[in-house]
1. What residues have an amide H closer than 5 Å to that of residue 69, excluding those fewer than 5 places away on the same chain, when H is modeled at 1.01 Å from N in the peptide plane?
2. Any of 87/220; 95/138; 84/175; 171/227; 87/227 with alpha carbons more than 26 Å apart? Name them for me.
3. Report the charge-dipole magnitude of segment 3-226 in Debye, nearest 20, computed about the Cα centre from +1 at each Lys and Arg Cβ and -1 at each Asp and Glu Cβ.
4. Within segment 196-220, list the residues whose amide N lies under 19 Å from a label point set 7 Å along Cα→Cβ of residue 58.
5. What is the dipole size for segment 5-68, taken about its Cα centre, with +1 at each Lys and Arg Cβ and -1 at each Asp and Glu Cβ, in debye to the nearest 20?
6. Let me see the pair-distance distribution of segment 128-183: every alpha carbon pair, 5 Å bin width, integer percents in order.
7. Below 17 Å, Cα to Cα, which aspartates and glutamates can residue 112 reach? Residues fewer than 8 away in the same chain don't count.
Amino acid sequence: MSIVAIHQPNFLPFYGYFSKIAGCDQFVFLDDVQYEKGSYTNRVKIFDRSKNEGAWLTCQLSNFRFGQNIDEVLIEPSFQWKTKHLKSLQLNYKKARYFDQIFGLLEKVYRKEHSRLVDFNLDLLFCISDYLGVPRSKFHRSSEFHLSSKSNQRLIEICKLLGCDTYLHGKGAVKYHDPHLFEEHDIRLTPVDHNIVYSQFGEGFIPYLSVIDLLFHHGKESIQILKVK
């Protein structure tokens, strides 16, 4: 059995995204599909200490035009919004156990120049994956395949190109899939369990925060937490 997961290259995605990465053999960044405004491709929630809840961290786009593919979307070249992000991370996570390690990794990426959102996002994703010991050979970009197919057919074509017979997906994607079509191509649909709970600041648990929340608190042990059976 060979497992593939396919997802848009989101910005510092929530921990469930990385549980998919940890649970598959091949991971494909769906970078040549249309960008959806208000999606998680350019925003995510982090912990807000002042309110003890999640708060949005958003990448500032530049000259966005409706209909652009993800790999065409530009980000504001000014470092002002990036500096605000770093200050927000310092304010909210400076007392976390692994703050120095994780902040140092993120800061290196934030200080680099990026013109496209996809390049910034992938730099961050690779940075985190390297830290967790995930080999880069696992990753692919859908734009590398030059596919013209859409929707389910595109996912199936990617599975076939990579020689995978199992497609790992989030539970929310069930409503978009045609199970009979996947079955016709001998591809098994397998949902990933995002029911991950880990210790954060204080009592209780705030779900669906960026994976960096997990990293700030648990460092390299995060990969074991992400490997949900």
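Here, each number is a calculation from the coordinates, and none is a lab measurement. These numbers were taken from a predicted model, which means no experiment stands behind them. Ideal geometry is used to build each Cβ from the backbone, glycine not excepted, and the neighbour counts take in all protein chains shown.
1. Placed amide hydrogens put 35 under 5 Å from residue 69.
2. Working: 87/220 23 Å; 95/138 33 Å; 84/175 37 Å; 171/227 16 Å; 87/227 31 Å.
In this structure, 95/138; 84/175; 87/227 lie more than 26 Å apart at Cα.
3. Values: 27 positive and 26 negative charges, 172 e Å.
Roughly 820 debye for segment 3-226.
4. 209-210
5. Details: 7 positive and 6 negative charges, 59 e Å.
Around 280 debye, computed over segment 5-68.
6. 4, 14, 24, 21, 19, 12, 6, 1
7. 76, 123
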